[in-house]
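Read the figures in this text as sums done on the coordinates, not as results from a lab. Since the structure is predicted, the reported quantities are computational estimates derived from the model, not experimental observations. Cβ: placed from backbone, ideal geometry, glycine included. Neighbour counts: every protein chain shown.
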Amino acid sequence: MIAGSQADVDREVTDVARALHQRGSTDEALALLRGALCRDPAQPGARALMAQLTDGQPVDGPRRSMELGLSLCDAWVRRGMLVEALSLLGGTPLGSGDMGREWANLLGELLAPVPVDAEAVLVEMHRQLVTGGASVALTLLEERDRNEPALPAWATRRLELLRWMLLDNAASAPADADGDRLAPSLLAAKLSSIRRRGLAAALHAMRELLDGEPEHRDGARVLEALETLQNDIDRQASLAGASNKTMPMHGHTAAVMQVRMGNLDVAKRLYEKLVDQDDDDRARLMLSSIDVIERALAGEPIDDDELTGEATVMRPSLPDEHEPLGQGFEDERTVDEPMPRLDELDLTTETRLPESSPPPEKSGKIAAVITTREAPPDHGPTTKLPSADRHAEALVAQGRLEEAEDVYRGLADVHPERRELSLRADELRRIRQTGAVVADGVVVRVILPVE
Amino acid sequence: MDSLSRPPAPGWTPPPSTEADGRALVLFVDIDDAHFAQTSERLRKAYKLVRAQKDREACELIREHHEDLVAVLLDVDMPGSILDGILLTRILRGRVPAMGVPPFARNLPAIDVPIILVTSRTESYADEDMRRYGGDRLMQKPLEIHKLTLALTDWHLARNDP
């Protein structure tokens with residue numbers, strides 16, 4: 001049985017360390033515990049056990065029976081617990097079998113120190129790798145890979161290995177030439193690379209199409225949708241860069257990962273949950289973008305009327321101080337106006353549904369209920385987070401929700417005018433208290449909580 | 001054996017371990033050609049090795065590359081050398097008075113990297129003794145990439161223990 005929640009994982013780690021010590025692999029047990037503590041220092045059990053081992057005190061065996069198998073190793077790798085996985089392989093006969101040896105050596109390759117003169121981003125990538133930040137390391141490598149000069153060969157290799165370990169080679173899926181030929185429309189053919197994790201290629205293709213046919217209405221809609229997705233990916237990447245630990249793979253982080261991988265169906269389900277549970281406007285915006293893309297892929301016309309219908313992709317909004325969310329209504333922008341791009345949105349602009357308005361629908365609908373009230377200073381989450389907010393989000397990223405909530409409460413006391421601070425604190429409390437996250441594999445440092 | 005659904009790992013043919021391509025640099029001191037060839041083959045995917053056969057050459061390479069090294073691997077016995085791996089470790093860690101150091105090994109630059117002692121007879125030595133002399137780990141020949149990486153990672157994490 002492989003642990004599901006983070007607390008279970010922490011207990012599992014100490015049990016495996018005990019088992020390794022019992023087998024005489026004390027060095028590996030210590031490396032395992034150090035890796036776990038660097039990933040998350042708030043593990044008293046692991047810390048106490050490490051002190052016992054370091055002091056040479058007697059240590060009990062595992063508290064529960066467990067199988068030290070490759071399945072466990074695989075689960076740890078997918079959670080980004082790479083040092084722990086390598087310790088497990090090195091401290092047991094697992095690393096002697098064919099597959100175990102291969103995995104051990106691949107991990108040995110991936111985690112090997114970087115050259116002394118490596119550029120700063122690659123040094124940081126390595127630091128993330130060995131401290132539980134595998135998803136951050138992947139993001140850093142991918143971002144760096146997009147820029148010049150080209151990555152050195154060893155770094156390219158690590159990018160490939162990381163993709164294999166975390167994403168099952170999602171980046172290197174073969175081109176689907178038949179799929180292109182069988183596409184139901186020219187637009188769909190040009191867009192097909194998105195299913196092969198080629199969002200950038202799809203963006204390029206759409207821009208090319210519009211360069212040749214500036215009046216291609218559906219093409220323009222698709223380009224807008226693609227740019228919305230890309231903006232959210234960039235936003236998540238910048239949040240990941242601000243954090244010093246593995247990003248918790250839940251909510252938007254998980255959904256964006258699925259978008260990057262081209263798993264639009266899975267991403268859509270995750271966004272739908274965000275809309276259902278949290279009435280999340282940004283999720284709604286992403287849903288409508290995916291819907292546009294799916295229609296284009298299916299060769300269906302992208303009908304504005306049908307998409308916009310009765311409701312409702314909302315701009316991300318904050319409630320008015322005097323009126324609860326879902327109440328009140330200010331001047332509307334018609335749906336004929338272009339849908340705002342995510343990076344253009346002022347997330348602090350107050351937006352509310354009318355009192356009598358129906359609840360927003362799940363997907364594929366665009367509404368534009370956008371206020372023009374003068375916006376407060378921009379502290380929105382998409383850009384330029386103040387440092388204290390970044391710190392709080394870094395705590396969230398580490399799964400330290402209670403501490404993050406405390407930070408937000410403290411900030412809200414100091415800045416009562418920033419309603420979003422107390423809202424974020426409330427949101428974190430709700431997540432902690434409901435535990436609803438567990439059902440979705442949320443607030444667990446997993447890489448692929450695919451349903 | 002667990003049944004796992006993973007696609008095949010991406011393959012790679014790395015350049016020879018002695019070829020400069022930006023991989024992390026490791027000093028390897030061992031007179032045994034066969035062992036060097038075997039270790040070199042195993043480590044080349046992540047490490048570039050500079051090799052010394054004997055103590056004097058090792059000191060020269062340390063002077064030349066000390067700023068670029070990520071680790072030093074020393075054969076415990078170092079046949080044909082004045083110094084053995086343990087004594088060279090103590091010198092590198094500054095634990096031998098200058099009078100006791102042969103001239104070629106004096107005034108070596110300080111190196112703040114893990115020193116791994118390797119031997120085919122691990123049962124003949126105590127890990128604790130190696131640490132007392134300034135070594136960081138005693139490892140069995142031939143080295144494997146995952147064992148070396150785990151030892152180096154543990155060394156780095158221990159220094160930055162939260």
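Dipole magnitude of the stretch A:6-111 about its Cα centre, charges +1 at Lys/Arg Cβ and -1 at Asp/Glu Cβ only, in debye to the nearest 20?
It works out to roughly 200 debye.
Any idea what the relative contact order of the stretch A:120-172 is, in percent, if you count C-alpha pairs under 8 Å spaced at least 6 apart?
Dividing the mean separation by the residue count of the stretch A:120-172 yields 27 percent.
If the label point is 7 Å along Cα→Cβ of B:ALA34, which residues in the stretch B:131-162 have backbone nitrogen under 17 Å from it?
So the set is B:141-143.
Mind checking A:29-38 for the average number of partner chain beta-carbons within 10 Å of each residue's beta-carbon?
Mean shielding count: 4.
How high is the FRET efficiency between B:SER124 and A:VAL121 when r is their beta carbon distance and R₀ equals 41 Å, given to the nearest 0.05?
Once rounded, the FRET efficiency stands at 0.40.
Working out 0.36 nm times the residue gap between A:GLU300 and A:GLU215, then minus their Cα-Cα distance, what length gain in nm do you get to one decimal?
On the way: separation 85, 0.36 × 85 = 30.60 nm, distance 1.79 nm.
Net length gain for the segment: 28.8 nm.
Tell me which of A:SER96, A:ALA17, A:LEU106 sits at the most positive position along the dipole axis of the stretch A:6-111, charges placed on C-beta atoms (Lys, Arg +1; Asp, Glu -1).
A:ALA17
Which peptide among B:146-153, B:55-62, A:150-157 comes first, and what is the full order, when sorted by highest mean count of other Cβ atoms within 10 Å?
B:146-153, B:55-62, A:150-157
What does the structure give for A:109-122 when I average, per residue, the other chain Cβ atoms found within 10 Å of the residue Cβ?
The mean count of partner-chain Cβ atoms within 10 Å per residue comes to 6.
Dipole size in debye (nearest 20) for the stretch B:56-162 around its Cα centre, Lys and Arg Cβ +1, Asp and Glu Cβ -1?
Magnitude of the dipole: close to 280 debye.
Looking only at other chains, what is the average number of their beta-carbon atoms within 10 angstrom of each beta-carbon in B:61-70?
Taking all residues of B:61-70 together, the mean is 1.
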